[in-house]
Amino acid sequence: MVCLNPPPAYAELHALSNFSFQRGASSAAELFERAARLGYSALAITDECSLAGIVRALEASEASGVALIVGSEVQLDDGPKLVLLASSQPAYSSICEVITRGRRRSAKGEYALTRADVECLHAEVLVLWPPCLARVADRDADAAWIARHFAGRAWIAVELHHGVDDASTLAGLQALGQRHALPLVASGDVHMHARGRRALQDALSAIRLGCTIAEAGHALFPNGERHLRRREDLAAIYPAALIAETGRIAARCRFNLRDINYVYPHELVPAGVRAIDHLRQLTLDGAQRRWPRGIPAKVAGQLEHEFVLIEKLGYEHFFLTVHDIVAWARARPQPILCQGRGSSANSAVCYCLGITAVDPEHGNLLFERFLSIERKEPPDIDVDFEHERREEVLQYVFNKYGRTRAALAATVIRYRGKSAARDIGRVLGLAEDQLDQLSMAYAHTNADLPLAAALRERGFDADARIMQRIVALVGQLRGFPRHLSQHVGGFVISEHPLHTLVPVENAAMAGRTIIQWDKDDLESLKLLKVDCLALGMLTCLRKCFDLVHRHAGLRLDLASLPQDDEPTYAMIRAADTVGVFQIESRAQMSMLPRLRPVTFYDLVVQVAIVRPGPIQGGMVHPYLRRRQGLEEIDYPQSASERAAGHGESRIRPVLERTLGVPIFQEQVMKLVEVVAGFTPGQADELRRAMAAWKRKGGLEPFHDRIRDGMLANGYEESYFERIFEQIRGFGEYGFPESHSASFALLAYASAWLKCHHPAAFTCALLNSLPMGFYGPAQLIRDARRHGVRVLPVDVTISAWECTLEAFSDPKDRGSETCGSDFGHDALSQIQHKSIAAEAALTKSMPHALRLGFSRITGFSEATAQRIVQARSERTFDDVSDLIRRAGLSAGERARLADADALRSLSGHRHQARWDSAGVDAPIAVLAGAALNEEAITLAAPSLRKDVISDYASQGFSLRRHPLSFAREALDQRRMLRARDVLGSRHGRRVRCAGLVTVRQRPHTANGVTFVTLEDETGILNIIVWAALASSQRRILIESRVLGVEGELQSSEGVQHVIAHRLLNLDALLAGIGPQSRDFH
């Protein structure tokens, strides 16, 4: 009987993951899974001048049981390629510092390192040198340099891949090692986990090189050997000593990424004072300001509970840092509006420090949602700042802690269907027009269409060999990291230089630096992150407060707005919420007349209930029925409670505010504590599992624990099933109550301003775009319906931003009357407000809204400022005077003329075009001479052409709605106006048409598409079922003017049309571009 020797032990010391962008063709998870199957003892992930993927490698290592060696590959500008391995913590920090140096001195995505940079590496950094063919002549010099600087910790990496003469290559490297006393080790230069990724690796190489695969030639690897090979195959290629050396090197690499030493900054604590004492004092000072008559006992107890936990977990400095940033923002000469949200709103300490605005005295806070000993992970404090001033906050943090100690977290930008298809198609030789069509086949609008059908629809033969190759490669590339970008505002701040923890590199935006880890990496390693986020509504509110103060003399802020204002709540109940934070979407507007908020807590529920969690968990309809008195409110009892016969239930305090239905994450957490005996930490584990189960699974282990606990406490099986289905629903994204309450504060503030100061509110909205669901056309139309007089852009009056000006007679220069075709949207559909009433409301408005130059497509702020500066010196005599003094180029003057912004100087836009086109600097011989040219008078454009030009230059018109010009043709097709549809009875078959302004297909809607149509009398909400959306898909997603045949449905103040047939009516409005904002 033949006894076969087992394959030798082997550790791969040189492998790239797909975080070596456009080089590595496999993920760390794939590499470690295969390494485990092959019996490798260790695997080094050595991405090129990067540790961006090393935390994912750590997680894959822990899941597979194969040891991770942390390293990086670098190509020196004046020397060889080296592979650096971290044998210890100091070695790891040294590698981080070298990567940081190479990245910081270069443009984003590049690096530059020299011999001098690596010569100062820590003595415990291990160095592998894989000699390459490009530097054959320099091998002895390179070997001598390596032996001189890295003696005792350097190896020649022998990488054999069935080349032309591996035996000769090996012999040459052995001789080289003997000459310079450098040992040899086997290495794989791994670029993929399996040979089957060869085609993708070729494609990635071509993408990196900017050529087709056919043109790449020798830049591609000659074969597929750069994968994780079987140990038996390696033993047949390498001498046993070289394979054994891999194990000895791996044994020297004792560093574990979990052991990095992160220390939070300490300088915010005065000398001689303990951090917890300083935090306590600041908190209690803030509490005294919040409650000048004394801190409520409930809050005082909560604060003490939080102080103990914060000190035990060592997070005092973190709270002090966030407080410092918020305090600095509010102390600016022009204060920056800011507010904390998320789970931090569960903290009474955060409220007292002024970080959050949710009052713990009246709220239903659950601190364990924010911080827990059992969870042992950093707290998450998100603070929103005005989006136009957030950069000031970021630079304050950079300046306070320095570039070496503060940086933004990264965001990993990954290949999606369209980008992957475009890159793969390009390297396989498709033309640009074909790439456009190919990427559209992968668009999200085709998500419900089989890929083969989407390709055929775009003119491709899905069965062709080239298309099968493209589809296969796109499928492999989707989800791969493409490059690093910057997080929206997550800061990592350290007591010591950050490059001792993680490499730092330049961001694309000047003045910013980022670490190479994203938020998931930070969470995995339990590093603290301060989130300084940007929120457009805060910018809008600040601008609106300033406008109200400037024009009405009222000083307003979030804290001083009147509470429980009935006109505001009446407006909200009527779904008149265009532009209002969080409650302006189609789904929210449909819910408002049914939920009918009358208090702030109703608004908190409103914000949270229109979310995938409550919808998928079946909580919405039970809550509404109970609220309307159509269903009995029940609080199930345990067996002991039923036996006692007192009608008491421990569930009542948890769910009473939401009528026995769990709406918020905190309620689910508290509920499992009450009914299943979970500890607060275990309840938070459930929350985390709920958030991740769609991506990673993980809810099933809780199924039996919850069931066993509930049955042991005497609850019925049916109630357990109901609860667990609701928990599943929260896996689709449910809101914490603290988060919803924070948003509800801004929702109420924006609604109050819209209700009582509509001109200022709309002006602020326009000056804060882009944000929200609606574009300028819908916002302006809504404002005019509320009686706001809107005036056009005018070079003799306008500023860059929109402004308010004293109301003047409609006959005055530059004014626009409010035409009757700008009728009604959500509120008017319910209240049927008359045109006469609107006209009366207009007369009561003290200020008109003047549109700014910012509303002109393609017009720059710098040009607008030149116009304003020249105008401030003296008024313009004519177009020629404007052009000369403001220094307008031909393109700038053309944009002004096309936008009809020269009307005060030239009249209509045709004349303005002519007048501005003829203004040029005279030749030298005629300078100063009087030129008497005959005046040319051109005919004015038609109203239709004016409106089309308005849309082309600004995206809206103050004259008439464009659909009014197609009304005769629509009448011939028996298409009703929106107001006539909405005045019809429930169940009537209707035909209607309008401009598409919004398309929505929420992933919780099971393929249903929601479309908003707009005509000259109002808006219509259309529901397109999945079957019709599929059969008429291109009409649905491509039409600018959409015709609908369907049935009107009316219920509880909500009206919509169920579509039965769709029609593309674009031909009726040639010249009007797409107006739709599509959300998915």
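The values are calculated or read from the model by the stated rules, or taken from the named source; none is laboratory data. This is a predicted model, so every value here is computed, not measured. Glycine gets a Cβ as well: all are built from the backbone with ideal geometry, and neighbour counts include every protein chain shown.
Some points to look at:
- L522 meets each of the listed conditions (1) crowded, with 18+ Cβ neighbours inside 10 Å; (2) more than 30 Å from E316 (Cα to Cα); (3) not small (G, A, S) apart from (2).
- Filtered residues of the range 52-86 (kept if surrounded by 23 or more Cβ atoms within 10 Å (Cβ to Cβ), assigned to a loop (DSSP other than H, G, I, E, B) and among the small types (G, A, S)): A52, G53
- Within the range 87-103, if we keep just the residues that are β-branched (V, I, T) and over 17 Å from W129 (Cβ atoms), the residue that is surrounded by the fewest Cβ atoms within 10 Å (Cβ to Cβ) turns out to be T100.
For (1) within 13 Å of V990 (Cβ to Cβ); (2) assigned to a loop (DSSP other than H, G, I, E, B); (3) touching a helix residue (DSSP H, G or I) at 6+ places or on another chain (Cβ under 7 Å), each residue gets a yes or a no:
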site	(1), (2), (3)
A1029	no, no, yes
L1042	no, no, no
Q1055	yes, no, yes
A1067	no, no, no
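- Subset tally (residues that are surrounded by fewer than 19 Cβ atoms within 10 Å (Cβ to Cβ), touching a residue at least 60 places away in the same chain (Cβ under 8 Å) and more than 30 Å from the chain's Cα centre (by Cα)) for the range 1024-1059: 7
- Lone unmet requirement of (1) closer than 13 Å to V1041 by Cα; (2) assigned to a strand (DSSP E or B) for L970: (2)
- Exclusive hit being of a type in the set (S, T, N, Q), assigned to a helix (DSSP H, G or I), surrounded by fewer than 20 Cβ atoms within 10 Å (Cβ to Cβ) and out of contact with any strand residue (DSSP E or B) (no Cβ under 8 Å at 6 or more places or on another chain), set Q174, Q178: Q178
- Single match in A123, A112, A107 (criterion: surrounded by fewer than 20 Cβ atoms within 10 Å (Cβ to Cβ), in a loop (DSSP other than H, G, I, E, B) and in contact with a Lys or Arg (Cβ under 6 Å, 6 or more places away or on another chain)): A112
- Checking every residue in the range 552-571 against the condition of being surrounded by 18 or more Cβ atoms within 10 Å (Cβ to Cβ) and among the basic types (K, R) gives zero matches.
- Where E523 falls short, out of the listed (1) in contact with a strand residue (DSSP E or B) (Cβ under 7 Å, 6 or more places away or on another chain); (2) under 21 Å from E377 (Cα atoms); (3) in a helix (DSSP H, G or I): (1)
- Screening T169 against (1) surrounded by 14 or more Cβ atoms within 10 Å (Cβ to Cβ); (2) at pLDDT below 95; (3) outside any helix (DSSP H, G or I) leaves a single unmet condition, (3).
- Total residues in the range 223-270, condition of a type in the set (D, E) and assigned to a loop (DSSP other than H, G, I, E, B): 2
- Test: residue in the range 486-500 that is among the acidic types (D, E), outside any strand (DSSP E or B), assigned by TED's automatic domain parsing to the domain that holds A407 and within 27 Å of I207 (Cβ to Cβ): no
Yes/no matrix, rows are residues, columns are (1) under 15 Å from Q75 (Cβ atoms); (2) under 39 Å from the mean Cα position of the chain (by Cα); (3) free of Cβ contacts under 8 Å to residues at least 24 places away in the same chain:
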| residue | (1), (2), (3) |
| --- | --- |
| S87 | no, yes, no |
| P90 | no, yes, no |
| V98 | yes, yes, no |
| V125 | no, yes, no |
| L128 | yes, no, no |
| C132 | yes, no, no |
| A137 | no, no, yes |
| D140 | no, no, no |
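- Residues in the range 756-782 that are among the aromatic types (F, W, Y) and out of contact with any helix residue (DSSP H, G or I) (no Cβ under 7 Å at 6 or more places or on another chain): F773, Y774.
- Residue check, R687 at pLDDT below 90 and crowded, with 18+ Cβ neighbours inside 10 Å: yes
- Counted residues, the range 261-284 - those being in contact (Cβ under 8 Å) with a residue 24 or more places away in the chain and of a type outside the set (K, R): 15
- Test result for S964, touching a residue at least 24 places away in the same chain (Cβ under 8 Å) and either farther than 30 Å from S860 by Cα or assigned by TED's automatic domain parsing to the domain that holds R596 (or both): yes
- Checked against (1) aromatic (F, W, Y); (2) modelled with pLDDT of 90 or more; (3) within 23 Å of C544 (Cβ to Cβ), F876 meets all criteria but (3).
- When H483 is tested against the conditions (1) out of contact with any Leu (no Cβ under 9 Å at 6 or more places or on another chain); (2) free of Cβ contacts under 8 Å to residues at least 40 places away in the same chain; (3) of a type outside the set (S, T, Y), the lone failure is (2).
- Set G1018, G994: member being within 22 Å of R594 (Cβ to Cβ), among the small types (G, A, S) and touching a residue at least 12 places away in the same chain (Cβ under 8 Å): G1018
- Any hit, the range 283-291, residues being surrounded by 18 or more Cβ atoms within 10 Å (Cβ to Cβ), outside the structural domain of C96 (by TED's automatic domain parsing) and either among the hydrophobic types (A, V, I, L, M, F, W, C) or out of contact with any helix residue (DSSP H, G or I) (no Cβ under 8 Å at 6 or more places or on another chain) (or both): yes
- G511 being assigned to a strand (DSSP E or B), at pLDDT below 90 and not assigned by TED's automatic domain parsing to the domain that holds D423: no
- Qualifying residue in the range 218-238 (condition: within 30 Å of E59 (Cβ to Cβ), free of Cβ contacts under 8 Å to residues at least 24 places away in the same chain and not basic (K, R)): yes
- Members of the range 458-482 found to be in a helix (DSSP H, G or I) and surrounded by fewer than 16 Cβ atoms within 10 Å (Cβ to Cβ), listed by number: R465, I466, Q468, R469, A472, G475
- Within the range 494-515, tally of residues that are within 18 Å of F318 (Cβ to Cβ) and either surrounded by fewer than 21 Cβ atoms within 10 Å (Cβ to Cβ) or acidic (D, E) (or both): 2
- Members of the range 292-337 that are under 23 Å from L558 (Cα atoms) and free of Cβ contacts under 8 Å to residues at least 12 places away in the same chain: P292, R293, G294, I295, A331, P333, Q334, P335
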